[in-house]
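Peer 1: Structure below; questions to follow.
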Amino acid sequence: MTIRGFEVVSRYQDAQVNLPKRATQQAAGYDFEASEDITLPSVLSNPFFRGLNIFSLGKLKNVSDNEDLQQLLKPVLVPTGIKAYMQEGEYLQLVSRSSGPIKKRIMMPNAVGIVDADYYNNDNNEGEIFFQFINFGIRDVHIKKGERIGQGIFLPYLLADSDANDDKTVRVGGFGSTN
């Protein structure tokens, strides 16, 4: 009986992507690796910060609408090529590696990512897990395929008394589909 674990998504089956694993006997988190080379632009060129600068200085003349501003404020998604399966009542919490901000000046803008059990094998992206990053450094950060980028921790969650009375939808999409 499978309870929880990781699988490689089909588009990376032949790409030598490693399943997440714990580095030490007492580690809580499973280390995730990047499934491909990717560059995180520095604070000086990152569209996120250009968007904040435009917004904070009131220089919206080159931004035609709210959608343009939203595009500017997007962090970089780093693919892992991994999907996670788990039991009902559990989720996978994605967190930054402690060395990310200190050594590379990269941070997850959402602080903690949440992968729900029904994200697994969704129709949109098969449940592939991505880490969001913003590079606060002054130099671009180049992440190599196979480099550890974050950690995943399986956790249980509790429900409110009235939860059973609420109507729930069925997940039909991938990343960010429950907005």
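Peer 1: For F133, only one of the following conditions fails: (1) surrounded by fewer than 18 Cβ atoms within 10 Å (Cβ to Cβ); (2) modelled with pLDDT of 90 or more; (3) under 13 Å from the mean Cα position of the chain (by Cα). What is its number?
Peer 2: The one condition F133 does not meet is (1).
Peer 1: Scan region 1-42 residue by residue and report those that are under 12 Å from E128 (Cβ atoms), of a type in the set (S, T, N, Q) and surrounded by 14 or more Cβ atoms within 10 Å (Cβ to Cβ).
Peer 2: Within region 1-42, just S35 meets the criteria.
Peer 1: Assess whether G58 counts as being assigned to a loop (DSSP other than H, G, I, E, B) and either at pLDDT below 85 or among the β-branched types (V, I, T) (or both).
Peer 2: For G58, the condition - assigned to a loop (DSSP other than H, G, I, E, B) and either at pLDDT below 85 or among the β-branched types (V, I, T) (or both) - is met.
Peer 1: Here are I114, I106: which of them is in contact with a Leu (Cβ under 8 Å, 6 or more places away or on another chain) and farther than 17 Å from L40 by Cβ?
Peer 2: The unique qualifying residue is I114.
Peer 1: Is there a residue in region 152-171 that is within 28 Å of Q16 (Cα to Cα), surrounded by fewer than 17 Cβ atoms within 10 Å (Cβ to Cβ), at pLDDT 95 or above and not polar (S, T, N, Q)?
Peer 2: For region 152-171, residues within 28 Å of Q16 (Cα to Cα), surrounded by fewer than 17 Cβ atoms within 10 Å (Cβ to Cβ), at pLDDT 95 or above and not polar (S, T, N, Q): present.
Peer 1: For the list (1) at pLDDT below 95; (2) out of contact with any helix residue (DSSP H, G or I) (no Cβ under 9 Å at 6 or more places or on another chain); (3) part of a helix (DSSP H, G or I); (4) surrounded by fewer than 18 Cβ atoms within 10 Å (Cβ to Cβ), I need the number of the one condition that L52 fails.
Peer 2: Status for L52: all satisfied but (2).
Peer 1: I would also like to ask the following. Step by step: first the residues of region 72-91, then only those that are within 12 Å of V8 (Cβ to Cβ) and among the hydrophobic types (A, V, I, L, M, F, W, C), then the one that is surrounded by the most Cβ atoms within 10 Å (Cβ to Cβ). Which residue is that?
Peer 2: A84
Peer 1: Now for a different question. Name every residue in region 113-140 that is farther than 23 Å from I102 by Cα and touching a residue at least 40 places away in the same chain (Cβ under 8 Å), in order of residue number.
Peer 2: Passing the criteria: D116, D118, Y119, N122, D123, N124, N125, E126, G127, E128, I129.
Peer 1: Quick check on region 92-105: of everything there that is polar (S, T, N, Q) and surrounded by 14 or more Cβ atoms within 10 Å (Cβ to Cβ), which residue is nearest to P156 (Cα to Cα)?
Peer 2: Q93
The values are calculated or read from the model by the stated rules, or taken from the named source; none is laboratory data. All of these numbers come straight from a predicted model, not from anything done at the bench. Here the Cβ is made from the backbone with ideal geometry for all residues, glycine too, and neighbour counts use every protein chain on show.
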